[in-house]
Amino acid sequence: MTKQKKPNNYIPCFLIVGEWEIAKEQYLKIAYKETGPNQNIEIFDGNEVTTQQILEILKTKGLFSEKKIVIVRDFKQLEKKEEQEKLIKWCNLQNKNKTLDAILILIFSPESFKKKSFSLLIEKVKFFDLRPEDKKGDVKSFIVDFLKREGKSIKIKAVELFIDLVGSSSLTAIKRELEKLVFLASDEKEITEIHIEELVFRHKTEALYKITDAIRKKDLRHALKSLTLLIEQNIPPIAILASIRNTIVRILAVKIAASQHISLKRNYSFNEFKASILPQIKKNSTITEFLNIHPYSIYLMLEAPYKVCELFDVLENMAFLDLELKGGKVNPQLVLEKFLFTILK
């Protein structure tokens, strides 16, 4: 994470690139520094406004404070050089007059920002690049600084363990896990490797649950998102596949057991299922694990949007997938992503 220093001239425009939760902390610091506690903040989506509209808003004085803070997220129109020039003209005028009526903060998510497109603007405004860019040194500093603000210390080995287990690509995800870590440590002043291992165990369990739940729902988007998170945490691809297989087997077992008593072509309410269907399944089924599963979990598996024949096909494909993962010739994440596209499309 780098911060570009600018001359001491008053430049009333800030450009921040980073994930929203991280960028938000930065813009709040700017807002407080520039306006104090009496903040008049307006936030706009860059797809809903034009450069001219933003300039008009900036010229309108705030009602409750001397200065107004105007924030625009992902202002794609500014990729055009002529639009940047309009903004720079306003900045130069403010700097010349030393007027402090308004502050403009432009926030771009990492995926929507192309530095070359904004080179003209970057030279004229205060620029904060909060992207980790896979630099572990930056991430380490972020972790140490965050915990320091919370009154906690952490040794370098514990930091490295945290990065290895949680990942380093998303500062938002790291911040979320650090908040959990602070809560877990309670009154203890130092974050240790024991705290991290306990947190990460919970984190992995949660991520595995999310991917299996997404598969049960046939939710491709969330399944892919959960897969990426698991890969970042260095969960072995074979272990991920095993969790998916267990989910498919359970859904198949529930549907086969239920099909002996009901039609699978219609949907049932949970109350109807619990009152008349579940007792029959538990009474006649040879699958003893049904006795230990919460009734609603069994109901959700019954309602999963799969046909029995589909589930058999998925299990058959998994046999080949297992060999492909163990062969190691193709990136494991790509193998699993292709598999998810196939079964959840």
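Over 24 Å apart at the Cα level, from the set Lys24/Lys338; Lys157/Lys338; Lys180/Lys217; Lys81/Lys124; Lys67/Lys126; Lys157/Lys210, are Lys24/Lys338; Lys157/Lys338; Lys180/Lys217; Lys157/Lys210.
Excluding same-chain neighbours fewer than eight residues apart, the aspartates and glutamates reachable from Lys68 by a Cα-Cα span under 14 Å are Glu34, Glu42, Glu56, Asp101. In terms of packing, defined here as the mean over residues of other Cβ atoms within 10 angstrom, the peptides 139-146, 218-225 line up highest first as 139-146, 218-225.
Here the peptides 311-317, 47-53 are ranked by packing, the mean other Cβ count within 10 Å, and the order with the highest first is 311-317, 47-53. Mean projected area of the convex hull spanned by the Cα atoms of region 136-191, taken over all viewing directions: 3.3 nm². Counting neighbouring Cβ atoms within 10 Å and putting the fewest first, the residues Thr228, Thr60 line up as Thr60, Thr228. Under the rule a/c < 1.5 gives rounded, and otherwise a/b versus b/c splits prolate from oblate, where does region 206-248 land using the Cα gyration tensor? Oblate.
Just so you know, all these numbers are worked out from the coordinates, no wet-lab data involved. Source: prediction; values computed, not measured. Note that each Cβ is placed from the backbone with ideal geometry, even for glycine, and that neighbours are counted across all protein chains shown.
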